[in-house]
Amino acid sequence: MSESSVYALSRKPTAVIQPARGFLDLDLVSLYRSWELVYFLAWRDVKVRYKQTAIGVAWAVIQPVVTMLLFTLLFSRLSNVPSDGVPYPIFAFAALLPWTYFSQAIGRSGTSLVNNAGLVTKVYFPRLAIPIAAVLAPLVDFVVTLAILMLMMAYYRIVPGWPFFVLPLFLLMCVATALAASLWLSALCVRYRDVAVVIPFLLQVWMYASPVAYPASVIPERWRALYSLNPMAGVIDGFRWALLGTDMPDWRMMGISGVAVAVLLFVGAIYFRQTEQTFADVV
Amino acid sequence: MQDVAIRVDGLSKRYEIGALQQRHDTLRDHIVAGVRGLVRRPGRHAAASTEFWALKDVSLEVGPGEVLGLIGRNGAGKSTLLKVLSRITVPTTGRAEIYGRLGSLLEVGTGFNPELSGRENVYLNGAIMGMRWKEIDRKFDEIVEFAGIGPFIDTPVKRYSSGMYVRLAFAVAAHLEPEILIVDEVLAVGDAMFQKKCLGKMGDVARQGRTVLFVSHNMAAIQNLCTTGIVLADGRIVFRGSAVDASEHYLSSVTSRNFGLADLAAHPGRTNDSTPIVRSIGLLSPDGQSRYTDHIAAGDDLVFEITYDTGDLVLDNAVLGVQSSLGERVFTVGARYSPDFTWRMRGKGTLRCRVPNVPIAAGEYNVMVAMGSRLQRRDFDTVEHALTFRVESSDFFGTGESLLPGQGYFAVRSEWRNVEVADPVDTLAGA
């Protein structure tokens, strides 16, 4: 071991500890350096979840499929909700794919800091790693759900066109939205445990505010801009377009959604970093 | 070469203790509120809150290779200082600079997940502590060997014994190879063999020229392991010097040294999470008369009298721990180890504990007293250094000889015989 070089390396302090911190200091460098930690935390979440459940990964199938069946019965058979010219089941499933991911990510990351209180109060690492890992973990389920969707597309003989290759972009937008929301929720939850109670309700409201069970085209023109402030509206529209070849999304709407998620994410990160300093004292 | 490993400049840390919940109907509420008070969000009850400075204007330089012992009674600020230095919590004012990678053993096994196997936990725990993946790969075999859990490495940790669990956790931490190592009383865990291993590892770290901050209540460990020491009291540094001087300063100043009878209503040795239950402890003269004494002779009975007020709590256990003046536990007696102690304590009362014919060597000892509930598996009140007493030499062996200082804590009788004599000397003819 080369311990002799240890101190020669560090002319400048490795770490400076002081109370005040710059407003825009997101410290993305140390976050980048700890990507392995993010990976391990996400991997732990996936692994532990499947070890603790009896039928493991099957939940990733059952949940969206049952929801799809319910939606088909309620909205298509009983209420005749339009579905942009594609069979309703797959119309719903293409939206449930990002939505199931989104609601899982929020549901788990919202309480992630509180659930990891043991870590937060004992070890230092960039705190952002915890909600980020919690948001990334459900991507495993996403892949499983995507495979189901592929099977359904084969059944309905839907062949995606070139827009399919834009799908990663919408997935990225979906992950960013989930992350933005979870930065707020997880940081708030440290202080106010009420957040944990609010999250399921919030997700329910959010789902009806997103075109999961219905097409965005039913929203009256003058409300569209406001509607698009919900980034999930853009994400779901994008998924349907990329996978099912429905009408091309309104790019102004998509722009509004994109800007909304960027602002939410940026401000969320600042809020998180500002409150992060007291996590260990409060949690 | 850098001539400093840690530089601390005017560091202070303030907690605000919420004073909102003043109405406590049960003792449980008191405890809950007491704990909550420490973690209350700063500023929430600004109008009705009291400030508590866990650290007050602490300045300190630690050189590379220095093995510094942090000494102080509970609540003196040791843990807060370590938490600030390991960046877990942010100071209120002041500044600290850390030169080099800092590894902290504030609590080993942080982030261990019971569902995962030993192998998986090593990787997870290593990553949490700041190790790179490749680094863990490289040290993996060494870690498993150090922990001594061999074939169980792929078993879920929840099936481990607590000893195995701790050993694996410590092994990961011990292989972090930080330039600065922070150790907080982890040596209290594990069996004796393993503790020795840990001390050895810490010694290695120190010999490699790396810096160690070591917190312990065991002055013998501080004196053995550390080169220098600081004594903290009420969030300030009150002494800085060699490890031996610092531990002696602590023992003479912080130990309250009550002889005979000690009033424990407001005692500095009461631990943070305790509720005052034990009101006094006294050492009774072994001759059966109700008078207090400050000493016994080696081999006499130790008779302690404890008065208590449990309030509404129902307790069924009391423990006395006798410690040497260096803070090492010599022996422990407890009501739970006494076959005929089956009743419960509630409200006010007095306990008497007789330890017959205590064979301890001459010297000064102090007593830790705790009361708790076996049912709830916790101590509600613990007071360290509650009472001090002396053991005077006596003719314990009936030979006129007594043990010399440094020959151990116990006077143990022994029988010696010549069973094979090579060159017999006639003792009578010897003159």
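Readers should treat all values here as calculations from the given coordinates under stated rules, not as data from a laboratory. Quick caveat: nothing in here was measured; it's all calculated off a predicted structure. Cβ coordinates were reconstructed from backbone atoms using ideal geometry, including for glycine residues, and neighbour counts include every protein chain displayed.
Of note:
- Restricting the calculation to alpha carbons of the range B:206-363 gives Rg and Dmax of 18.6, 58 angstrom.
- Neighbouring Cβ atoms from other chains, within 10 Å of the Cβ of residues in B:112-120, number 3 on average.
- Assigned charges on the beta-carbon of Lys, Arg, Asp, Glu; the range B:261-392 dipole about Cα centre (debye): 440 debye
- Its Cα centre serving as origin, the range B:51-102 has a Cβ charge dipole (Lys and Arg +1, Asp and Glu -1) of approximately 200 debye.
- For chain B, lysine pairs separated by 8 or more sequence positions, or belonging to different chains, with Cα-Cα distances below 18 Å total 7.
- Of the residues B:SER325, B:THR399, B:GLY126, the one whose Cα sits farthest toward the positive end of the charge dipole of chain B, with +1 on the Cβ of Lys and Arg and -1 on the Cβ of Asp and Glu, is B:GLY126.
- Per-residue average of Cβ from other chains inside 10 Å of B:165-172: 0
- Burial ordering of B:TRP416, B:TRP53, A:TRP43, A:TRP35, fewest other beta-carbon atoms within 10 Å first: B:TRP416, A:TRP35, B:TRP53, A:TRP43
- Taking all pairs of distinct alpha-carbon atoms in the protein assembly as shown, Kirkwood radius in angstrom: 29.9 Å
- Each of A:PHE40, B:PHE259 has some number of other Cβ atoms within 10 Å of its Cβ, and from fewest to most they run B:PHE259, A:PHE40.
- Shape category assigned to chain B from the gyration tensor of Cα positions, a/c cut at 1.5: oblate
- Of all stretches in chain B that contain no GluC sites (Glu not before Pro) in a DSSP loop with at most 14 other Cβ atoms within 10 Å, the longest one is B:1-327.
- Considering only beta bridges that DSSP places wholly inside chain B, some 75 percent are antiparallel.
- Student exercise, the range B:62-253 dipole from Lys, Arg, Asp, Glu Cβ charges, in Debye to nearest 20: 220 debye
- The fewest-to-most ranking of B:MET131, A:MET150, B:MET368 by surrounding Cβ atoms within 10 Å reads A:MET150, B:MET368, B:MET131.
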